[in-house]
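What follows draws every value from the coordinates through simple rules; no lab data is involved. Since the structure is predicted, the reported quantities are computational estimates derived from the model, not experimental observations. Glycine gets a Cβ as well: all are built from the backbone with ideal geometry, and neighbour counts include every protein chain shown.
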Amino acid sequence: MDRDSIPLQPTPVRAYYYTSVVGGEEKIKSVKESLFELRFTPKVFKRSKTRGSKAVDITLATDMLGHAYRGDYDVAVLFAGDGDYVPLVEEVKRLGKGVRVASFERSGLSDDLRLAADTVMYSDEFFLQLWKEYKQKES
């Protein structure tokens, strides 16, 4: 199959958002609620000001690999740029799934991740259009 012909559903079944925040339970709850309103399944973890949260990367990798193994999707879209995700992408592809990496064009997409993915989608124009629509509704 041509790497660019891996089909995507026009409307995804589910979109997960993995992040960590500094703050207490109220802050975590607030971020979860905001992400839920944007139609994401939120995965929000606590982190300290001095140290990030490894739980984000580990949970994302575990979920993506687990869903691939169970056959829950045909194509995963990973919005990331970190080369640490290369082994995950390679393993998901070994399971016969497609992997598209979404990134902003000048956001530091790792060359290794770019080359590991089936395709790369630069999302600058998409998010710019969403932002314009949001600002129009606001005024």
Residue satisfying all of: in the range 64-82; of a type in the set (D, E, K, R) and more than 14 Å from Ala15 (Cβ to Cβ); farthest from the chain's Cα centre (by Cα) among these: Arg70
Residue pairs meeting the criteria (Cβ under 7 Å; at least 6 apart or on separate chains; first more than 12 Å from Tyr16 (Cα to Cα), in the range 57-72; second acidic (Asp, Glu)): Asp57/Asp84; Leu65/Glu91
